[in-house]
Amino acid sequence: MKQCEANCAACETLGTPEQEAALREVIASSKATPGCLMHILQEAQAIYGYLPMQVQKTVATELGIPLSEVYGVVTFYSQFSLTPKGKNRISVCLGTACYVKGADKILKEVEKQLGIKCGECTADGLFSIDSCRCVGACGLAPVMMIGEEVYGKLTPDKVKGILDEHREASK
């Protein structure tokens, strides 16, 4: 599930037939509503897990608006993603308190354990890594989240065990 090349066949499709049908249904049922773009993009991301370019093109075409308008909304709001996300979404806090306590080392260890860089998704779709500026758990610094679960007072040697737990739970 690495980000695909600009000319790959997968970029020209709308995913599975079920995903495409769901997207077209959302667009058809919402397009008459003023200001429907955000709602449609949120639903599209729920269907695909992210907003690939072909989905954005389809939304723009069906709504009769420029692709630049759709892309502008997708890139402006942090809730939207242009890249695939894993089943287990990891967010390493790089806010001041966490960074001072070694969050950069935590991020490097997560990247090492998963074999991917921040912003990427593992090939099996199980994990993706992102960073954030503050989780709001400064007293537990350094902190990372996997989904909604917060892991605090981390050290690099704790990372592998945490990831292994999530691998097992995902089987």
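Each value in this text was obtained by applying a stated rule to the coordinates, not by laboratory testing. Bear in mind the structure is a predicted one, so any value in this text is a computation, not a measurement. Neighbour counts run over all protein chains shown; Cβ positions are idealised from the backbone, glycine included.
Things worth noting here:
- Estimated inter-spin distance, Lys87 and Lys108, nm [label 7 Å along Cα→Cβ]: 3.1
- If you wrap region 9-76 in the convex hull of its Cα atoms and look at it from every side, the mean projected area works out to 4.2 nm².
- Calculated FRET efficiency for the pair Gln54/Glu25, C-beta based, R₀ 22 Å, to 0.05: 0.85
- The antiparallel fraction among DSSP beta bridges confined to region 88-169 stands at about 55%.
- Short-range pairs are left out: with C-alpha atoms under 8 Å and at least six residues apart, the relative contact order of the chain is 20 percent.
- Here the Karplus curve 6.51 cos²θ - 1.76 cosθ + 1.60, taken at θ = phi - 60°, turns the phi angles of region 30-42 into couplings of 10, 5, 7, 7, x, x, 7, 4, 4, 4, 5, 5, 4 Hz, with x standing for Gly and Pro.
- Here Leu67 and Arg133 are evaluated by their C-beta separation; at R0 = 25 Å the FRET efficiency comes out at 0.25.
- Candidates Gly49, Gly147, Gly35: whichever shows maximal mean-square fluctuation once the chain is modelled as a Gaussian network with Cα springs under 10 Å: Gly35
- In degrees, nearest ten, helix 67-76 long axis to first principal axis of the chain (Cα): 20
- If the segment from Lys117 to Glu148 were pulled out straight at 0.36 nm per residue, it would be longer than the present Cα-Cα gap by 9.1 nm.
- Computed helical MRE - 222 nm, the chain, DSSP H runs ≥ 4 contributing -39500 (n - 2.57), nearest 500: -14000 deg cm²/dmol
- Sequence-distant residues sharing a close amide H with Lys87 (under 5 Å, placed H): Leu126, Phe127
- Cα-based helix-to-principal-axis angle, 156-169 vs the chain, degrees rounded to 10: 50
- Each label point was placed 7 Å from the Cα along the Cα-to-Cβ direction; for Tyr77 and Tyr99 their separation is 2.8 nm.
- In the chain, the longest principal axis of the Cα atoms and the axis of helix 53-63 are about 40 degrees apart.
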